[in-house]
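A short worksheet on the structure shown next.
The values are calculated or read from the model by the stated rules, or taken from the named source; none is laboratory data. On a predicted model such as this, the values are computed, not experimentally measured, just so you know. Neighbour counts run over all protein chains shown; Cβ positions are idealised from the backbone, glycine included.
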């Protein structure tokens, strides 16, 4: 059974019983990412803000996506890493007033679900044109010359 729980409890931080902590996510699976090959893993550092605010530093997020090359059509596994994300999490905050790096959660349950945040970051970093290593290397080694590039070369060589 795959672990799909991306929730973290922050009730100790809201009650001022904790000021900083670090947790590890490993082997997390999201049904929102059908191309996810294995799992999502990351380290989360939690810091207390005030009785309604918690700060999250999410770093070293790693994951593997199963893609198909747009050039040759072969399937391949793409390993990716997101170095750092920072979130300000507010208890019972109006969703319409949130900015890009802010998240609201229900203070009654004091649980923050990070699945949507991580899925959005993964989708944001997904490549528009998907290429396997072989096609990527061959496209980098080919020199595409257009008439404009030929004219520029002529000016520099004269």
Could you tell me whether the stretch 26-35 includes any residue that is surrounded by 15 or more Cβ atoms within 10 Å (Cβ to Cβ), assigned to a loop (DSSP other than H, G, I, E, B) and in contact with a helix residue (DSSP H, G or I) (Cβ under 8 Å, 6 or more places away or on another chain)? yes
Yes/no for residue 100 being within 30 Å of residue 21 (Cβ to Cβ) and at pLDDT below 85: yes
If a residue has to be under 25 Å from residue 102 (Cα atoms) and not in a strand (DSSP E or B) to count, how many in the stretch 36-76 make the cut? 2
What's the total number of residues in the stretch 77-103 that are surrounded by fewer than 17 Cβ atoms within 10 Å (Cβ to Cβ) and assigned to a strand (DSSP E or B)? 9
Could you tell me which residue of the stretch 126-152 is modelled with the highest pLDDT, considering only residues that are in a loop (DSSP other than H, G, I, E, B) and surrounded by fewer than 13 Cβ atoms within 10 Å (Cβ to Cβ)? 129
So how many residues does the stretch 41-73 have that are in contact (Cβ under 8 Å) with a residue 60 or more places away in the chain and either closer than 30 Å to residue 139 by Cα or loosely packed, with under 13 Cβ neighbours inside 10 Å (or both)? 8
Restricting attention to the stretch 110-121, the residues that are surrounded by 12 or more Cβ atoms within 10 Å (Cβ to Cβ) and either on the phi > 0 side of the Ramachandran plot or not in a strand (DSSP E or B) (or both) number exactly 8
